[in-house]
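The values are calculated or read from the model by the stated rules, or taken from the named source; none is laboratory data. Quantities reported herein were computed from a predicted structural model and do not represent experimental measurements. Cβ placement follows ideal geometry from the backbone for every residue including glycine, while neighbour counts extend to all protein chains displayed. Note: accessible area is taken over every heavy atom of the protein model, side chains too, but ligands, DNA and RNA are not part of it. Shrake-Rupley method; radii C 1.70, N 1.55, O 1.52, S 1.80 Å.
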Amino acid sequence: MGAIEAPDLSYAALAPLLFVFGAAAVGVLVEAFAPRAVRHPVQVAIALVGTIGALVATVLLAGTQDVTAAGALAVDGPALFLQGTIAVLGALSVLLFSERALDPARSAFVAAAAVPAGSVRDRELATSERVQTEVYPLATFAIGGMMLFTAANDLLIMFVALEVLSLPLYLLCGLARRRRLLSQEAAVKYFLLGAFASAFFLYGLALVYGATGSVRLSDIRVAVVTEGGSALMVLGLGLLVVGLMFKASVAPFHSWTPDVYQGAPTAVTAFMAAATKVAAFGAVLRLLYVAFGTADWTWRPLVYALAIASMVVGAVLGLTQTDVKRMLAYSSIAHAGFLLTGVIGLGPDGTGYGLAATMFYLLAYGLTTLGAFGLLTLVRDGDGEATHLSQWAGLAQRSPLVAALMTFFLLALAGIPLTSGFTGKFAVFRAAIEVGAWPLVVTALVASAIAAFFYLRVVVLMYFSDPAPDGPTVGVPGLPTTIVLAITAAATLVLGVLPGSVLDLAESAAVFVG
Amino acid sequence: MSDVPWLVLMIAVPAVGAAVVAALPPAREALARQLALAVSLLVLLLAVLTTIAFDPGGERFQLTTSVAWIPDFGVEFALGVDGIALSMLLLIGVLVPVVVGASWRDTPVPRPGRPARSMTAFWAWLLLLESLMVGVFAATDVFLFYVFFEAMLVPMYFLIGSFGGPNRQYAAVKFFLYSLLGGLVMLASVIGLYVVSNSQLGEGTFAFDALRQLEIDPNVQKLLFAGFFLAFAIKAPLVPFHTWLPDSGAEAPIGGAVLLVGVLDKVGTFGFLRYCLPLFPDASRDLAPWVLALAVAGIIYAALLAVGQSDMKRLVSYTSIAHFGFIALGIFAFTTEAATGAVLYMVNHGIATGLLFIVVGMVIARGGSRQIRDYGGLAAKAPLLAGVFLLAGLASLALPGTNSFVSEFLVLIGAFPTRPVFTIIATVGIVLAALYVLLMYQRVMHGPPRGVLLVEEDRAEDGDTVRPASGAGGATAVLEAPVRARVLAVRDLSRREIAVVTPLVALILVLGVYPQPLIELISPAVEATMTDIGVDPGGSTPAAPGSTGTGGTD
């Protein structure tokens, strides 16, 4: 038995990942050894240093086209662009987590998530100001997993990254301070279904390995070209896609989304809706474009059908929702369909705007949805956040600013011009039409019109209805939430009015290595 | 003078005005509306100066500005006007100050048990709407046009939804969704155009002048045409797509309704002329009979529905749908006379229907009801109001001597040589127009005094009381001669109201007698459009297919 050779690692190219994982590891130590009084500020600082450091590292690495760790990790334009996006969204989410001004008990997270809901101890904890801060290292690990996910050039690494990002998310979902039962249900549901999806992914991995003899994306590509597609390979690809689509909450693998979005603490929901989607689509793009880009007949019909299903399901079921969080969950499903429209836009020989358009859309959608969920944390009644639609009636009179911001985010989600949502939609639709996917784009446009109805309903409620006498109050956000809202709103506006430079960036980053 | 970026100013001034007004505290309502009036008058001045700077005999698009906006998409912030667009800018310039004046004393819908809402937001939305309306007509980049087209929905949505009648929520959402659906389908066509330009010109562009040069496959043309057409047909509205307008027109505040019907809907017919015909000449020619069928069906159907309306604002909305049928008939008849008539109609309809809406609004402001049956005999007490009402009505039914006559006549004689059957059917609409206008006028203004404006007064001996003359006709209800007489408590037009209606009344009469300057402004642009679709602008017969190199298909 020969000695195992350590693979050659390019530490510089891995700097973003090292930053985040380092911060996560330090966070665990702090949780264990630092005194309670200083834990919260220290944890927030570490998480921010990790994510912002990662962002800076991706910026410095811009232009790198490298394969490292014995070919298992690709550090290229799309990986860096999406890692940067995840780092931004992650840093903003950490800020949302650290908000201490809104909940009377100073934090949106419960100290002990495993206590049975409704028990005496649970009721004590609901109002206790004793908070644990494990949420920060957990989130940082998830961010690290997501960033690894977008850079994975190897199906095994992709699977590992999938687990690294998923497991902390399952826990985070169960941490809500209020409505404990719903939160625990969300965590269990997400975990069980997520485990299923992981199994699908693993099975698909095995089949693809059996068909092509490799788990390396570049080798799979070679095998596909030389040997052509076999039934085994197509089956394996299908299973891999199922696993990834689950994370991206694409219909028909979406059924967990509304429940989990509703049950999870809102700041975590914001994080999941924004960052998980970026990571999942990063992996989808890499898998389909790098490994199967030359055999697009294997996935194009599948993605086509999934896109239509997702847009229709998201838009139509969104109409019937009465809870703002659930509504935004269905909106996220519809947006996953729009994103797949961009994924379709791969031209022959790797041309086409699909990659750049999808990456831009991910950034735009992530920031907007983060802002929208961030606003939800402000509207509260005695029982925590007031997310039922009827409670939002007449909000414009209580708080014109919150109502105006929410309207702006909703218009962006609906894709009205001069918001980032429109620029993103335009980019992905253009990419799809370039490759002749007319019917898909027309479906997408009809779905946009349907979805606009439920976004508008919230606007109607806020502006044109009279407030209920016992309606919710609008909390005054502390500095962290204010920063998040300001950044996301500004980004939504700038990416709508002057998107040129970011589009350029996405365009120049849109070259896969490997 | 042509160095001044007039069009940019016309967009920027009201936008800045809107921002300033929106920033005012709610208590400074009076300042807000004064500011709104000042800004709208400034825009009118700018519109006039723009017209002076414009040379009717010069190039097709003048006063152009072009700045790269989103280079990745090939989008430019490109503005420029031809005679058609300029006439619409003038219309906007005139109507907005009038609307500000007409809405001067408006108050928001009272909500029981709550303090009245401030009108500041109303003025801010109104100015923002003006800015976007100017943009939509001045854009020469299809993408930019689309952006203005969609963005325009937002202020109108809030005008209807926040300041409208009792059913305003429903109307506002219906308005927004109809327009958005049309807009999104148009977006598909806009992207399609881009893709075609990308394959033909090597790089994608949205510039109108470049897109006009494309040679698009006729089948693709039909698809793209359909996308644009649906958006414009909803906006205009043509008949199967019209159901949002009566709701919006009825529920919108009067000022909003005037701009909605007077200007916003013109974007639809303007779009037919500016985008559908020049960009898709083959498809326009092939599909024209279908469009004409919709137009003529609309003229008759909407007129019949208007006759049956009991709500004055809905009635006026339906008359507009009928008028849009005439405009579409003029556009898709493909003769220079008819198209000139159609453009003239767009301006005249804005003035005449705008006035009709404003007068109806004044009646409603006095009685508080939109129902025709709640009024009667106003003319005796308010002769000026009745006079203006009658004039607006007559202009609506295109009586000779009023502005609408010229345009309707031009449309009909222009369309007859190429489309005799449709034209003959359309003339029935004229008869129906007389019916709905005069019936409304008669019921509201004449007859015995009745309805919501009747109050009991303690002045039985006063000779001023209105007593219906007996034997005046079978239709006259005879009131019991009461001890307490019942009189109409109605004021005639106030000085502000006279100031509001005077410009429109003057325009109706002047343009009715001397429309020549406007025609001279419009006709070069119309001729250029006719050349685009391969119609000889000199004569009224369509050129032989293919003679202009656009590849005829029929």
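Suppose we filter A:MET245, A:MET311, A:MET233, A:MET327 for residues that are open to solvent by less than 50 Å² (accessible area, probe 1.4 Å) and under 17 Å from A:SER198 (Cα atoms); which single one remains? Break it down into steps so the answer makes sense when it comes.
Values: A:MET311 fails: under 17 Å from A:SER198 (Cα atoms); A:MET233 fails: under 17 Å from A:SER198 (Cα atoms); A:MET327 fails: under 17 Å from A:SER198 (Cα atoms).
A:MET245 is the lone residue from the list that is open to solvent by less than 50 Å² (accessible area, probe 1.4 Å) and under 17 Å from A:SER198 (Cα atoms).
Let's see how each residue does on (1) outside any helix (DSSP H, G or I); (2) among the hydrophobic types (A, V, I, L, M, F, W, C); (3) in contact with a helix residue (DSSP H, G or I) (Cβ under 9 Å, 6 or more places away or on another chain):
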site: B:ALA32; (1), (2), (3): no, yes, yes
site: B:VAL39; (1), (2), (3): no, yes, yes
site: B:THR50; (1), (2), (3): no, no, yes
site: B:GLU59; (1), (2), (3): yes, no, no
site: B:GLU76; (1), (2), (3): yes, no, yes
site: B:LEU79; (1), (2), (3): yes, yes, yes
site: B:VAL94; (1), (2), (3): no, yes, yes
site: B:GLY101; (1), (2), (3): no, no, yes
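Assuming A:PRO16 fulfils every condition listed in (1) in contact (Cβ under 8 Å) with a residue 12 or more places away in the chain; (2) open to solvent by 50 Å² or more (accessible area, probe 1.4 Å); (3) in a helix (DSSP H, G or I) apart from one, which condition is it?
With (1) in contact (Cβ under 8 Å) with a residue 12 or more places away in the chain; (2) open to solvent by 50 Å² or more (accessible area, probe 1.4 Å); (3) in a helix (DSSP H, G or I) applied to A:PRO16, the lone miss is (2).
In the list B:VAL483, B:VAL466, B:VAL431, which residue meets the criterion of being hydrophobic (A, V, I, L, M, F, W, C), open to solvent by 60 Å² or more (accessible area, probe 1.4 Å) and at pLDDT below 85?
Working: B:VAL466 fails: open to solvent by 60 Å² or more (accessible area, probe 1.4 Å); B:VAL431 fails: at pLDDT below 85.
Going through B:VAL483, B:VAL466, B:VAL431 in turn, just one is hydrophobic (A, V, I, L, M, F, W, C), open to solvent by 60 Å² or more (accessible area, probe 1.4 Å) and at pLDDT below 85: B:VAL483.
Hey, does segment A:53-71 have a residue that's farther than 26 Å from A:THR358 by Cβ, among the hydroxyl-bearing types (Ser, Thr, Tyr) and in contact (Cβ under 8 Å) with a residue 12 or more places away in the chain?
Checked against the condition, which is being farther than 26 Å from A:THR358 by Cβ, among the hydroxyl-bearing types (Ser, Thr, Tyr) and in contact (Cβ under 8 Å) with a residue 12 or more places away in the chain, segment A:53-71 yields no hits at all.
I'd like the full set of residues that are within 9 Å of chain A (Cβ to nearest Cβ) and either open to solvent by 10 Å² or more (accessible area, probe 1.4 Å) or hydroxyl-bearing (Ser, Thr, Tyr) (or both), limited to segment B:159-169.
B:SER162, B:ARG168, B:GLN169
So, of the residues in segment A:202-222 that are of a type in the set (Gly, Ala, Ser) and buried (at least 21 other Cβ atoms within 10 Å of the Cβ), which turns out to be modelled with the lowest pLDDT?
Quick first cut of segment A:202-222, residues of a type in the set (Gly, Ala, Ser) only: A:204, A:206, A:210-211, A:213-214, A:218.
Next, from what is left, pick out any that are buried (at least 21 other Cβ atoms within 10 Å of the Cβ): A:204, A:211.
Working: A:GLY204: 95, A:ALA211: 91.
Step by step, filter segment A:202-222, then rank; the result is A:ALA211.
Tell me the helices (runs of 4 or more DSSP H) entirely within segment B:246-310 that contain at least 2 residues that are within 18 Å of the chain's Cα centre (by Cα) and within 20 Å of B:ALA172 (Cβ to Cβ). Show your work before the answer.
On the way: elements: B:254-259, B:266-271, B:281-307.
Fully inside segment B:246-310 and qualifying: B:254-259, B:266-271.
So how many residues does segment A:409-434 have that are more than 10 Å from every other protein chain (Cβ to nearest Cβ) and surrounded by fewer than 24 Cβ atoms within 10 Å (Cβ to Cβ)?
So the count comes out to 0.
Considering segment A:437-454 alone, what residues qualify as being within 25 Å of A:PRO499 (Cβ to Cβ), open to solvent by 10 Å² or more (accessible area, probe 1.4 Å) and more than 9 Å from every other protein chain (Cβ to nearest Cβ)?
Within segment A:437-454, A:THR443 is the sole residue that qualifies.
Conditions (1) within 8 Å of chain A (Cβ to nearest Cβ); (2) part of a helix (DSSP H, G or I); (3) surrounded by fewer than 21 Cβ atoms within 10 Å (Cβ to Cβ), marked per residue:
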| site | (1), (2), (3) |
| --- | --- |
| B:LEU177 | yes, yes, yes |
| B:LEU187 | yes, yes, no |
| B:LEU193 | no, yes, no |
| B:SER199 | no, yes, yes |
| B:THR205 | no, no, no |
| B:LEU211 | no, yes, no |
| B:LEU214 | no, no, yes |
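Does B:ALA233 count as in contact with a Pro (Cβ under 9 Å, 6 or more places away or on another chain), crowded, with 24+ Cβ neighbours inside 10 Å and either more than 20 Å from B:VAL360 (Cβ to Cβ) or free of Cβ contacts under 8 Å to residues at least 12 places away in the same chain (or both)? Steps first, answer last, please.
Working: in contact with a Pro (Cβ under 9 Å, 6 or more places away or on another chain): yes; crowded, with 24+ Cβ neighbours inside 10 Å: yes; either more than 20 Å from B:VAL360 (Cβ to Cβ) or free of Cβ contacts under 8 Å to residues at least 12 places away in the same chain (or both): yes.
When the stated conditions are applied, B:ALA233 passes them.
Confirm whether A:THR482 is more than 8 Å from chain B (Cβ to nearest Cβ) and without any contact (Cβ under 8 Å) to a residue 40 or more places away in the chain.
Values: more than 8 Å from chain B (Cβ to nearest Cβ): yes; without any contact (Cβ under 8 Å) to a residue 40 or more places away in the chain: yes.
Considered against the rule, which asks whether it is more than 8 Å from chain B (Cβ to nearest Cβ) and without any contact (Cβ under 8 Å) to a residue 40 or more places away in the chain, A:THR482 comes out as yes.
When you scan segment B:364-445 for helices (runs of 4 or more DSSP H) that lie fully inside it, which ones turn up with 3 or more residues that are touching a residue at least 40 places away in the same chain (Cβ under 8 Å) and among the aromatic types (Phe, Trp, Tyr)? Before the answer, list the steps.
Values: elements: B:378-381, B:383-396, B:403-415, B:420-445.
Hits in segment B:364-445: B:420-445.
For segment B:91-109, does any single residue satisfy the condition of being surrounded by fewer than 23 Cβ atoms within 10 Å (Cβ to Cβ) and either more than 27 Å from B:MET362 (Cα to Cα) or within 14 Å of chain A (Cβ to nearest Cβ) (or both)?
Scanning segment B:91-109, I find at least one residue that is surrounded by fewer than 23 Cβ atoms within 10 Å (Cβ to Cβ) and either more than 27 Å from B:MET362 (Cα to Cα) or within 14 Å of chain A (Cβ to nearest Cβ) (or both), so the answer is yes.
Could you run through segment A:159-218 and say how many residues are in contact with a Cys (Cβ under 7 Å, 6 or more places away or on another chain) and hydrophobic (A, V, I, L, M, F, W, C)?
The total comes to 2.
Please tell me if A:ASP470 is within 9 Å of chain B (Cβ to nearest Cβ) and either out of contact with any Phe, Trp or Tyr (no Cβ under 7 Å at 6 or more places or on another chain) or open to solvent by less than 10 Å² (accessible area, probe 1.4 Å) (or both). First the steps, then the outcome.
On the way: within 9 Å of chain B (Cβ to nearest Cβ): no; either out of contact with any Phe, Trp or Tyr (no Cβ under 7 Å at 6 or more places or on another chain) or open to solvent by less than 10 Å² (accessible area, probe 1.4 Å) (or both): yes.
In short, no.
Out of the residues in segment A:259-308 meeting the condition of being among the basic types (Lys, Arg) and buried (at least 24 other Cβ atoms within 10 Å of the Cβ), tell me which one is nearest to A:LEU389 (Cα to Cα).
Let us first name the residues in segment A:259-308 that are among the basic types (Lys, Arg), namely A:277, A:286, A:300.
From the residues that got through so far, the ones that are buried (at least 24 other Cβ atoms within 10 Å of the Cβ) too are A:277, A:286.
Numbers: A:LYS277: 25, A:ARG286: 39 Å.
Step by step, filter segment A:259-308, then rank; the result is A:LYS277.
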